[in-house]
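Let me begin by presenting the structure, written as structure tokens, before commenting on it.
The values are calculated or read from the model by the stated rules, or taken from the named source; none is laboratory data. Here the structure is a predicted model, which is why all the values come from computation and not from measurement. Here Cβ is always computed from backbone atoms with ideal geometry, including for glycine, and neighbour counts include all displayed protein chains. For the accessible areas, the whole protein counts, side chains as well, though only heavy atoms, and no ligand, DNA or RNA atoms are used. Shrake-Rupley method; radii C 1.70, N 1.55, O 1.52, S 1.80 Å.
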Amino acid sequence: MNSLRTAFLLGMTLVLFVVCLPNPYALAVEKPRQLAEDETVVIVLTNRDLETTIKDVERSIPSGELRMTFRLLNGFSFQLPEEEVEKLTTVSGVERVDHVMTYEATINESAPFIGAEQVRGMLDEEGVHLTGKGVKVAVIDTGIDYTHPDLQSSYKGGYDFVDYDDDPMETIASQGPPTLHGTHVSGIIAANGQVKGVAPEAEIYAYRALGPGGQGTTEQVIAAIEKAVEDGVDVINLSLGNTVNGPDWPTSLALDAAVEEGVVAVTSNGNSGPNMWTVGSPGTSKKAISVGASAPPLNTPYLTAFGEENEISLYPFSGGLPWAFKRDLPMIDVGYGTEKEWEGVDAEGKVVLIKRGMVPFTEKVMHAVAAKARGVIIYNNTPGPFTGMIEGGVNIPVVSITREDGEFLLEQLELQKNKELTLRTIYRKEEDFVALFSSRGPVTHTWDVKPDVVAPGVSIDSTIPNNGYLGLNGTSMAAPHVAGAAALIKQAHPEWTPEQVKAALMNTAKKLVDQEGVPHEIHEQGAGRIQVDKAVAATSLVYPGALSFGKWSKEDLREKRPVTLTIENHDTVKRTYHISPPFDVPDGVEWGVPFAITLKPGEAKEVTVEMDLMPSVLAAGIHQGEIVVQGGKEDIVVPYVFFIEEPDYPRVMAFHFEHGDKPNSYRYELYLPGGAEELSIDFYDPDTFEFVATLDKKVEVPRGMLQNEFEELDLKDGIYRVLVTAIQDGHQDTIETFIMIGEELLPPKAQEDEESK
């Protein structure tokens, strides 16, 4: 059986806006005005003087209002009537305009596993043990419970961009749905008590960009990045993201700018795996360190039907308890878990098997909780595995399995006269696999390798509010392992730039393999799983730590494409380096590399590596491999990637549908990573799949975010199956979801629950 590729993160929604005032940091003084019904907030980037552009925009659109300026982006946010947005794009100096976008917070014995405890025996330049002491780490998240005994010594301050004050405390119940994510992330970085973080003496600066229930805005996140840079932090951690795989999304650009200011930026890669192209912004940032999730040593659960040898992999849902049953349990089937199917079902003390579809995950599970079930198994309605989450969390285990395994359990159930099947759980010790939920790269448009590295993100114990501790899953948990590691590296090498810190982590990472010993793909693990003790001790650096040679068409002529590598010698002796491209290459590929590079201690040199390619003889698709730099204490492996023909990335992503600003109005937004020759949004009957109506149809749509609003829809109230189809470069992709027209829409998470993957 395949190894468990486990758990989905405890997700939290965050939305991103942007505010502009005369002082780039005046946002800390005044809370922006509430939006009127017909207003929206956009992020505006300019290609000329910021103040001049702002004056021209205010003069052209007097009904609008400046909210925040962003020095890092040379941009600002502007509040204006939706009908004026098109006019805004025509103002001189306005380079691009982006509406706000919905994001998610991407959610210990893992610190010793990555070498953090070994590092504590090392000394910095002043002879002080490496614990992160004196290094400032910004946590941009839901806030922090700074009263937690494990965090009191680490917490040094911050700012609240939800309430606009100096108190970044987590949301408590009296303020709305409470949060815990930022406290958990902070503990992984720098807890110093019952739990020990990766860098237990680092200084935590918390910036609360997400409020009740994890709600926040683009505006608040970018503002927090700006404030953290102004406050002089050394490292920024953003355990958050959206589903937009685009390199030029504002949050990605803001992180690039922060790195240019000398700050090490670390961000989660996302929790939308296991398919390619699922990395989202800001994980698409070119200069930040994007982190995928791997597993520390775990007792992985598998299911067997009593008396059968078949072992079934479980994929835990975020928001449910871990599957940790020690005894056999009866299982019953409840179909799709609709309200009608639950009628008369005796589920008390039993595990319930439910098919994916028709009903949102949270609703399925809440019925199970009400029926006093012991656990929930949701099996897929399409081939292969999937993951999901339960809004608000529940106190029973919830897991998913493949359609094939679900149908096997149904077959076994049919053989039982009492319609109950006995399930047994077995456990296996496993570690260092890439988690199923971890988003994969590469990045669209630039074709950059992402993630850069992976780190433990499965069943990570850390601090939560009210002096508590909890194990969570997600790339949200992986990123702070890297932020803590960066703090240790900065203490050991305070003069190192963000690019050098990133190189140290990538150059020394451990390459991970699957259960059969086959290496995980580059777009799954990047350079590999971090080993912070080796990163701190690195005496040779090569960067960038991964290379992309871009995209070719088969019709292209033979071409040489050069890339530049920087090699640095931080050893005390002179070293000679050799660059070795792969020996086993297909016909049509040749390499040009320098013969040898000799560097004195402290010397660095840029060298050119050239790929000479004849596209016509190569197969279409992704090609990847490794370049090895020899001559240091250990070989340094630099992964690379290139594409023949337009890659098969999703032509449409990040679809959201909601009520508009006016009564009975609706709007949608979606992202087209490569544009679309044709786009259609069609409504169908959810039961018969009979065509009902076309909501929108467009041709020749450019790359980027697309939004549209409808004042009225000629549709009866009720639930509809919706297909969003985009065609580009001969590829067609479809998002399938369920939408309710009427008083209430399915929330965005419920829409995602029912989306075919």
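In table form, for the structure just shown:
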{"quantity": "Test: residue in the range 480-498 that is among the basic types (Lys, Arg) and open to solvent by 20 Å² or more (accessible area, probe 1.4 Å)", "calculated": "yes"}
{"quantity": "Only listed residue being among the basic types (Lys, Arg), at negative phi and outside any helix (DSSP H, G or I), chosen from Lys490, Lys502, Lys551, Lys534", "calculated": "Lys551"}
{"quantity": "Among the residues listed as Lys450, Lys429, the single one being among the basic types (Lys, Arg), on the phi < 0 side of the Ramachandran plot and under 18 Å from the mean Cα position of the chain (by Cα)", "calculated": "Lys450"}
{"quantity": "Identity of the residue in the range 512-528, open to solvent by 70 Å² or more (accessible area, probe 1.4 Å) and assigned to a loop (DSSP other than H, G, I, E, B), that ends up modelled with the lowest pLDDT", "calculated": "Gln515"}
{"quantity": "Lone qualifier among Ala295, Ala305 - being closer than 25 Å to Leu505 by Cβ and either of a type in the set (A, V, I, L, M, F, W, C) or in contact with a Leu (Cβ under 6 Å, 6 or more places away or on another chain) (or both)", "calculated": "Ala295"}
{"quantity": "Among (1) at pLDDT 90 or above; (2) open to solvent by less than 70 Å² (accessible area, probe 1.4 Å), the one test that Glu634 misses", "calculated": "(2)"}
{"quantity": "Filter result for Gly384 (modelled with pLDDT under 95 and either more than 22 Å from Tyr302 (Cα to Cα) or surrounded by 17 or more Cβ atoms within 10 Å (Cβ to Cβ) (or both))", "calculated": "no"}
{"quantity": "Scope the range 581-599; condition of a type in the set (Ser, Thr, Tyr) and either surrounded by 14 or more Cβ atoms within 10 Å (Cβ to Cβ) or closer than 18 Å to Ile644 by Cα (or both); matching residues", "calculated": "none"}
{"quantity": "Subset of the range 59-79 (residues that are within 36 Å of the chain's Cα centre (by Cα) and open to solvent by 30 Å² or more (accessible area, probe 1.4 Å))", "calculated": "Glu65, Leu66, Arg71, Asn74"}
{"quantity": "Ser174, sole failed condition from (1) open to solvent by 30 Å² or more (accessible area, probe 1.4 Å); (2) in contact with a helix residue (DSSP H, G or I) (Cβ under 9 Å, 6 or more places away or on another chain); (3) hydroxyl-bearing (Ser, Thr, Tyr); (4) not in a loop (DSSP other than H, G, I, E, B)", "calculated": "(2)"}
{"quantity": "Condition broken by Gln194, with the remaining ones in (1) within 30 Å of Arg33 (Cα to Cα); (2) in a loop (DSSP other than H, G, I, E, B); (3) at pLDDT below 95; (4) not acidic (Asp, Glu) satisfied", "calculated": "(1)"}
{"quantity": "The one condition in (1) open to solvent by less than 10 Å² (accessible area, probe 1.4 Å); (2) closer than 23 Å to Asp648 by Cβ; (3) among the small types (Gly, Ala, Ser) that Ser272 fails to fulfil", "calculated": "(1)"}
{"quantity": "Cross-chain or 6+ apart pairs with Cβ under 8 Å, the range 165-183 first and under 17 Å from Gly319 (Cα atoms) and hydroxyl-bearing (Ser, Thr, Tyr), then outside any loop (DSSP other than H, G, I, E, B) and open to solvent by 10 Å² or more (accessible area, probe 1.4 Å)", "calculated": "Thr179/Met12; Thr179/Pro212; Thr179/Gly213; Thr183/Ile464"}
{"quantity": "Candidate set from the range 309-331 (those that are small (Gly, Ala, Ser) and crowded, with 21+ Cβ neighbours inside 10 Å); member that is modelled with the lowest pLDDT", "calculated": "Ser318"}
{"quantity": "Number of the condition not met by Asp587 [criteria: (1) of a type in the set (D, E, K, R); (2) farther than 26 Å from Phe433 by Cβ; (3) within 34 Å of the chain's Cα centre (by Cα)]", "calculated": "(3)"}
{"quantity": "Where Arg651 falls short, out of the listed (1) open to solvent by 70 Å² or more (accessible area, probe 1.4 Å); (2) assigned to a loop (DSSP other than H, G, I, E, B); (3) within 30 Å of Lys551 (Cβ to Cβ)", "calculated": "(1)"}
{"quantity": "Flag if Thr564 is open to solvent by 20 Å² or more (accessible area, probe 1.4 Å), farther than 24 Å from Pro442 by Cβ, modelled with pLDDT of 95 or more and of a type outside the set (A, V, I, L, M)", "calculated": "no"}
{"quantity": "Only listed residue being within 31 Å of the chain's Cα centre (by Cα), over 21 Å from Glu430 (Cβ atoms), among the β-branched types (Val, Ile, Thr) and surrounded by 15 or more Cβ atoms within 10 Å (Cβ to Cβ), chosen from Val345, Val359, Val334", "calculated": "Val359"}
{"quantity": "Spans of strands (runs of 3 or more DSSP E) in the range 100-163 with at least 1 residues at pLDDT 85 or above", "calculated": "136-141, 155-160"}
{"quantity": "Candidate set from the range 654-695 (those that are more than 23 Å from the chain's Cα centre (by Cα) and buried (at least 21 other Cβ atoms within 10 Å of the Cβ)); member that is nearest to Ile622 (Cα to Cα)", "calculated": "Ala676"}
{"quantity": "Residue within the range 214-224 that is within 25 Å of Ala435 (Cα to Cα) and either within 13 Å of the chain's Cα centre (by Cα) or not basic (Lys, Arg) (or both) present", "calculated": "yes"}
{"quantity": "Strands (runs of 3 or more DSSP E) lying entirely in the range 391-482 (those with 1 or more residues that are touching a strand residue (DSSP E or B) at 6+ places or on another chain (Cβ under 8 Å), under 30 Å from Arg651 (Cβ atoms) and not β-branched (Val, Ile, Thr))", "calculated": "398-401"}
{"quantity": "Residue match in the range 164-171 (condition: within 20 Å of Val263 (Cα to Cα), at pLDDT 95 or above and open to solvent by less than 10 Å² (accessible area, probe 1.4 Å))", "calculated": "no"}
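Rundown of residues vs (1) of a type in the set (Ser, Thr, Tyr); (2) open to solvent by 10 Å² or more (accessible area, probe 1.4 Å), yes/no style:
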{"site": "Asp405", "(1), (2)": "no, yes"}
{"site": "Phe433", "(1), (2)": "no, no"}
{"site": "Ser439", "(1), (2)": "yes, no"}
{"site": "Val449", "(1), (2)": "no, yes"}
